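Step one of this worksheet: look at the structure below.
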Amino acid sequence: MLDANQRSELALQIFEQIKAISSPYSLKAILVTGGTDMRPQAIALASRPHIVIATPGRLADHIRTSGEDTVCGLRRVRFVVLDEADEMLDLGFREELEAILETTPPERRTLLFSATVPREILGLTKRYQRDALRIAATEEGAQHADIEYRA
């Protein structure tokens with residue numbers, strides 16, 4: 001499991017890649033993570049960015065404490081991508097994830113990526129996705145054939 005610093009580092013790595021990919025298209029991407037001042041992040045969220053890369057705890061903090069501009073900006077979201085959704089639930093981010101999903105419009109597209117599909121993930125899919133498809137990269141319980149195990 002990732003600790004707070006690792007989650008922020010992963011978000012930063014994703015942000016750098018998104019910036020590189022999106023820059024030819026003049027898309028504005030912002031990074032919202034804990035451990036930094038919330039005021040510049042709130043201003044960035046209110047500026048109507050095209051892409052927001054965020055850790056769930058900090059984005060939920062903005063929903064709870066920031067002005068209406070931030071919340072209104074999230075109400076225009078068209079896509080939500082939750083990577084490692086199972087780990088976020090294991091780490092206790094259920095309330096934060098629900099706050100984020102409740103703030104975004106119901107007609108948004110929600111993509112959940114998860115190595116496992118525990119009951120809590122199924123509950124989120126039923127509540128926050130429409131016409132959800134489950135795509136398995138491997139057979140249930142199958143080990144990766146490309147990994148060699150040694151003892």
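Where (i) 11, 40, 36, 12, 1; (ii) 10, 37, 36, 13, 4, 0; (iii) 9, 28, 35, 24, 4, 0 are the candidate values, the label of the one calculated here for P(r) over Cα pairs in 10 Å bins from 0, in percent is (ii).
Classify region 87-137 as rounded, prolate or oblate from the Cα gyration tensor: take a ≥ b ≥ c as the square roots of its eigenvalues, call it rounded if a/c is under 1.5, otherwise prolate when a/b beats b/c and oblate if not.
oblate
Compared with the dominant Cα axis of the chain, that is its longest principal axis, helix 4-22 is turned about 70°.
Between the amide H of residue 54 and those of 32, distances stay under 5 Å, these residues lying 5 or more places away or on another chain, with hydrogens modeled in the peptide plane.
Taking the protein heavy atoms of the chain in the context of the full set of protein chains, the accessible area attributed to carbon and sulfur is 52 percent at 1.4 Å. Along the charge dipole of the chain, which of 92, 47, 57 sits closest to the positive end, that is, farthest toward it, with unit charges on the beta carbon of Lys, Arg, Asp and Glu (+1, +1, -1, -1)? Farthest along the dipole direction, towards plus: 47. With 0.36 nm allotted per residue and the present C-alpha distance subtracted, the residue 28-residue 64 stretch has 10.6 nm of extension available. Dividing the summed helix terms, -39500 (n - 2.57) for each DSSP H run of n ≥ 4, by the number of residues in the chain produces a 222 nm estimate of -14000 deg cm²/dmol to the nearest 500. Give me the number: length gained by fully extending residue 113 to residue 39, i.e. 0.36 nm times residue separation minus the C-alpha to C-alpha distance, one decimal in nm. Additional length available on full extension: 23.6 nm. Here's how it looks for residue 82: its modeled amide H is under 5 Å from those of 111, 112, 113, which are all 5 or more places away or on a different chain.
The distance from the alpha carbon centre of region 83-104 to that of region 24-44 is 20 Å, rounded to a whole number. Subtracting the Cα-Cα distance of residue 6 and residue 135 from 0.36 nm times their residue separation leaves 43.7 nm of extension gain. Scalar couplings 3J(HN,Hα) for region 42-49, obtained by applying the Karplus form with A = 6.51, B = -1.76, C = 1.60 to θ = phi - 60°, are 4, 5, 5, 5, 6, 7, 6, x Hz; x denotes Gly and Pro.
The values are calculated or read from the model by the stated rules, or taken from the named source; none is laboratory data. Owing to the predicted nature of the structure, the values given are computational and were not obtained by experimental measurement. A quick note on method: Cβ atoms are made from the backbone with ideal geometry, for glycine too, and the neighbour counts reach across all protein chains shown. What goes into the accessible areas is simple: the full protein's heavy atoms, side chains included, and nothing from ligands, DNA or RNA. Shrake-Rupley method; radii C 1.70, N 1.55, O 1.52, S 1.80 Å.
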